[in-house]
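The values are calculated or read from the model by the stated rules, or taken from the named source; none is laboratory data. Values in this document were obtained by computation on a predicted structure and should not be read as measured data. So basically every Cβ, Gly included, is an ideal-geometry build from the backbone, and we count neighbours across all protein chains shown. Side chains included, ligands, DNA and RNA excluded: accessible areas come from the protein's heavy atoms. Shrake-Rupley method; radii C 1.70, N 1.55, O 1.52, S 1.80 Å.
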Amino acid sequence: MCIQYLVNKLAMENQRSVITLILFLILTKSVSSTEFDSSEYEEGESHSISFQSSRSEMGDVEEGEWEMVQTKGNQFVVRDQPFYVNGFNTYWLMVFAADESTRGKVSEVFKHASSVGMTVCRTWAFNDGQWRALQKSPSVYDERVFKALDFVVSEAKKYRIRLILSLVNNWEAYGGKAQYVKWGTAAGLNLTSDDDFFSHPTLRSYYKNHVKTVLNRVNTYTNITYKEDPTIFAWELMNEPRCILDSSGDTLQEWIKEMAFYVKSIDTKHLVEIGLEGFYGPSTPQRVQFNPNVFAQQVGTDFIRNHQVLGVDFASVHIYPDSWISQSIADTHLPFIKSWMEAHIEDAEKYLGMPVVFAEFGVSSKDPGYNSSYRDNLINTVYKTILNSTKNGGSGAGSLLWQLFPDGTDYMDDGYSIVLSKSPSTSSIISLQSTRLALFNSLCSKRCHWSCKKKSMFQKVLYHDEL
């Protein structure tokens, strides 16, 4: 009866064949296992599913089929269907698109990501006062670079990839808050710290002007205003905000309140997230045990408190045990990842009532003791933790690898890059995760919300150890 229900559903919706259903049952057979068996992914043995025919070069996609991502409870939804995320980061897309000699790499990375079923990319919608700057000085823009960002957005749509666009950096790369402070100092302001970015009214106005300019931008390729474009998944207030100047968290909290409200005052259609790493702060002393180190609770962020701000739609968390715990690969890293993720999923369910995306995770090939098998284990740990939340209707809504690169960009590698053509086992793991999540998205109606009788039906069919 359970299988017949699913077969009938597939037939009615004309989305998948019975063969796909059988494939799904096979693929989800071992989801509950947290151990990674590398023999499943022997090099040369393909477990990946080709998404090429359905995703590649989707420039003719109907507008009615390309709608805004929304949230309902602790899920993302599109057209009232769940939208679980398997995605990636590639931060430099706009800068590469600004030069005709490198623009093709943007298309290439989207094509490769699409071929393994990835549906969301996180990238920068900022470059402040640097080489190929988007914003050369406060409210002064390079139209050539803005057209490059237009190209990134239009090209993403062709491959059915949605974008999380980050609006400023906490770090000095691509300008960041330090560049805003330099602009303020040059204008005669009395500034003593890069963290004055969060509190000085002039610097806050600089940032707001940038937000307004980007959100109201009309894409020169599509003629769609950014704030109206479903290709954009969400706006990110800042990449990894920290305000060490005020470890109480009050300064950053006020900045988040003001800026989340400001974004929503311009754009009520898109989702907003903060860009946090996920550290617990003073408001939740009972949760700081999950932080990777003592310093993490002193950087002015506060995961639960920050995400309770009106206008913030989903939570973001990053995962870097090789930066936070020890650079050398250690046995403790994988258990930390699992407990770190489970703690934030629990918080998103109990206290926030929203989805959580693990928006950056990876491991550097420069770490002592690194090997590709360890990287596969790490990725698989993240993916299976997401799936274990998904099968229970939890808040674990997806993850974004840091980071995906096309061929011929080795000179940009920070140690974390993944080139799919050179990493067949990793590519297979990514593709398998995409397949599982895509089938969840197509089979699991949001109307069910995992709370009716169908929940047990799905779990019996999709997670039983035997067919």
Going through region 216-258 in order, the residues found to be assigned to a loop (DSSP other than H, G, I, E, B), more than 16 Å from Phe303 (Cβ to Cβ) and aliphatic (A, V, I, L, M) are Ile224, Ile244, Leu245
Residue ID - nearest to Asn441 (Cα to Cα), chosen from residues in region 96-112 that are in contact (Cβ under 8 Å) with a residue 60 or more places away in the chain and in contact with a helix residue (DSSP H, G or I) (Cβ under 8 Å, 6 or more places away or on another chain)
His112
Which pairs turn up if I take residues in region 191-212 that are without any contact (Cβ under 8 Å) to a residue 24 or more places away in the chain and more than 27 Å from His270 (Cβ to Cβ) and look for partners that are open to solvent by 40 Å² or more (accessible area, probe 1.4 Å) and assigned to a helix (DSSP H, G or I) with beta carbon separation below 6 Å, at least 6 apart in sequence or on another chain?
Leu191/Thr185
Kindly indicate which of Asn293, Asn306 is at pLDDT 95 or above and surrounded by fewer than 16 Cβ atoms within 10 Å (Cβ to Cβ).
Asn293
Can you tell me which residue is farthest from Asn293 (Cα to Cα) among those in region 357-378 that are surrounded by 22 or more Cβ atoms within 10 Å (Cβ to Cβ) and touching a residue at least 60 places away in the same chain (Cβ under 8 Å)?
Val357
Condition (residue is assigned to a strand (DSSP E or B), buried (at least 19 other Cβ atoms within 10 Å of the Cβ) and among the hydrophobic types (A, V, I, L, M, F, W, C)) applied to region 342-356: is it met by at least one residue?
yes
Look through Ser451, Ser434 and report the one residue that is touching a Ser or Thr at 6+ places or on another chain (Cβ under 9 Å) and either modelled with pLDDT of 95 or more or not in a helix (DSSP H, G or I) (or both).
Ser434
In region 143-158, residue nearest to Gly87 (Cα to Cα) [restricted to those that are touching a residue at least 12 places away in the same chain (Cβ under 8 Å) and of a type in the set (D, E, K, R)]:
Lys157
So, Arg122, is that one open to solvent by 40 Å² or more (accessible area, probe 1.4 Å) and either modelled with pLDDT of 95 or more or touching a strand residue (DSSP E or B) at 6+ places or on another chain (Cβ under 7 Å) (or both) or not?
no
Which of the residues that make up region 259-273 are assigned to a helix (DSSP H, G or I) and open to solvent by 50 Å² or more (accessible area, probe 1.4 Å)?
Phe261, Ser265
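So that you can scan it fast, the table gives a plain yes or no per residue for (1) surrounded by fewer than 16 Cβ atoms within 10 Å (Cβ to Cβ); (2) touching a strand residue (DSSP E or B) at 6+ places or on another chain (Cβ under 8 Å); (3) among the β-branched types (Val, Ile, Thr):
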{"site": "Gly175", "(1), (2), (3)": "no, yes, no"}
{"site": "Ser199", "(1), (2), (3)": "no, no, no"}
{"site": "Asn219", "(1), (2), (3)": "no, yes, no"}
{"site": "Ile224", "(1), (2), (3)": "no, yes, yes"}
{"site": "Arg242", "(1), (2), (3)": "no, no, no"}
